[in-house]
Amino acid sequence: MAFTAKQMSLIVATFGVLSFIFGVVAENKKPASGTPITGKDVVICKYPSDPTVVLGYLSAAFLITSTVAGYLSLFYPYKGKSIPQSALYRSPSFTVFFNIALGTAGLAAAFLLWPTITEQLHLLRNVHHNLETTCPTAKTGLLGGGAFLSLDASLFWLVSLMLADNAREDYFDEVESGGKGEHGHVQATDYEADGALKHSA
């Protein structure tokens with residue numbers, strides 16, 4: 001199935017928005033702390049049932065999907081026409097936004113996965129020998145920040161796609177104008193050669 005630039009942009013934006021929504025909901029559902037239950041030389045932390053870990057991983061998964069789709073959309077051969085990557089990187093604007101999109105996506109993944117994994121470890125390792133433990137949860141604010149960074153990353157991918165589309169048009173214009181120029185040069189040379197033969201005859 002052949003994709004168009006518009007379809008690819010919708011895919012990138014949709015997964016980016018989904019990542020943002022799941023990340024924000026995960027942040028809002030995360031409990032502030034657990035309830036310590038003191039036992040014999042141990043403290044057992046009881047945490048309320050919440051979907052933070054599942055939502056965090058879903059947000060990260062949609063971020064990765066949006067990033068992969070955004071990256072592939074830049075180099076996809078639309079209408080069966082592909083261009084060398086060097087032609088895209090000749091555009092300074094494209095290079096800048098491409099690197100910003102990559103960096104933002106990486107930072108978003110770190111902000112989403114770090115608290116999600118931390119929260120999962122708190123739930124799994126809920127028995128503590130430190131009797132003064134307060135049953136902490138993952139750091140507040142990271143999931144929300146990761147959600148907004150995920151949305152920003154998808155927007156940067158869309159800007160990069162727009163700039164890549166402009167670079168593609170410029171490249172094919174240069175190729176077509178170059179081909180016509182060579183064709184015209186050949187015709188002029190042939191005309192001069194025919195004229196010289198007629199003159200000598």
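Observations on the structure shown:
- Members of the stretch 55-98 found to be under 19 Å from Met8 (Cα atoms) and in contact with a Gly (Cβ under 6 Å, 6 or more places away or on another chain), listed by number: Ser66
- Failed criterion for Lys30 (all others in (1) in contact (Cβ under 8 Å) with a residue 12 or more places away in the chain; (2) open to solvent by 70 Å² or more (accessible area, probe 1.4 Å); (3) among the basic types (Lys, Arg) hold): (2)
- Taking the listed residues Ser9, Ser49, Ser66, Ser59, the one that is over 14 Å from Phe111 (Cβ atoms) and at pLDDT 95 or above is Ser66, with no other qualifying.
- The residues of the stretch 132-144 that are within 30 Å of Phe15 (Cα to Cα), open to solvent by less than 70 Å² (accessible area, probe 1.4 Å) and outside any helix (DSSP H, G or I), listed by number, are Thr137, Ala138, Gly141.
- Options Pro77, Pro51: the member that is surrounded by fewer than 17 Cβ atoms within 10 Å (Cβ to Cβ), touching a Lys or Arg at 6+ places or on another chain (Cβ under 7 Å) and at negative phi: Pro51
- Any hit, the stretch 101-112, residues being open to solvent by 70 Å² or more (accessible area, probe 1.4 Å), modelled with pLDDT under 95 and on the phi < 0 side of the Ramachandran plot: no
- Residue list for the stretch 114-131, restricted to those being more than 16 Å from Val24 (Cβ to Cβ) and in contact (Cβ under 8 Å) with a residue 12 or more places away in the chain: Trp114, Thr118, Gln120, His122, Leu123, Asn126, Val127, His128, His129, Asn130, Leu131
- Checking each residue of the stretch 119-129 against the condition of being open to solvent by 40 Å² or more (accessible area, probe 1.4 Å), basic (Lys, Arg), assigned to a loop (DSSP other than H, G, I, E, B) and touching a Pro at 6+ places or on another chain (Cβ under 8 Å) gives no match.
- Selection status of Ile64, in contact (Cβ under 8 Å) with a residue 24 or more places away in the chain, in a loop (DSSP other than H, G, I, E, B) and buried (at least 16 other Cβ atoms within 10 Å of the Cβ): no
- Inside the stretch 33-47, residues that are touching a residue at least 12 places away in the same chain (Cβ under 8 Å), surrounded by fewer than 11 Cβ atoms within 10 Å (Cβ to Cβ) and not in a strand (DSSP E or B) make up a count of 1.
Condition check ((1) farther than 21 Å from Thr14 by Cβ; (2) assigned to a strand (DSSP E or B); (3) without any contact (Cβ under 8 Å) to a residue 60 or more places away in the chain; (4) over 19 Å from the mean Cα position of the chain (by Cα)) across all residues:
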| position | (1), (2), (3), (4) |
| --- | --- |
| Ala109 | no, no, yes, no |
| Gly146 | no, no, no, no |
| Leu161 | no, no, no, no |
| Arg168 | yes, no, no, yes |
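- With respect to the conditions (1) open to solvent by 40 Å² or more (accessible area, probe 1.4 Å); (2) over 27 Å from Phe148 (Cβ atoms), Leu18 lacks only one, and its number is (2).
The values are calculated or read from the model by the stated rules, or taken from the named source; none is laboratory data. Fair warning: this is a prediction, and the values are worked out from it, not measured in the lab. Virtual Cβ from ideal backbone geometry, glycine too; neighbours counted across all protein chains shown. Surface areas here come from the heavy atoms of the whole protein model, side chains and all, with no ligands, DNA or RNA. Shrake-Rupley method; radii C 1.70, N 1.55, O 1.52, S 1.80 Å.
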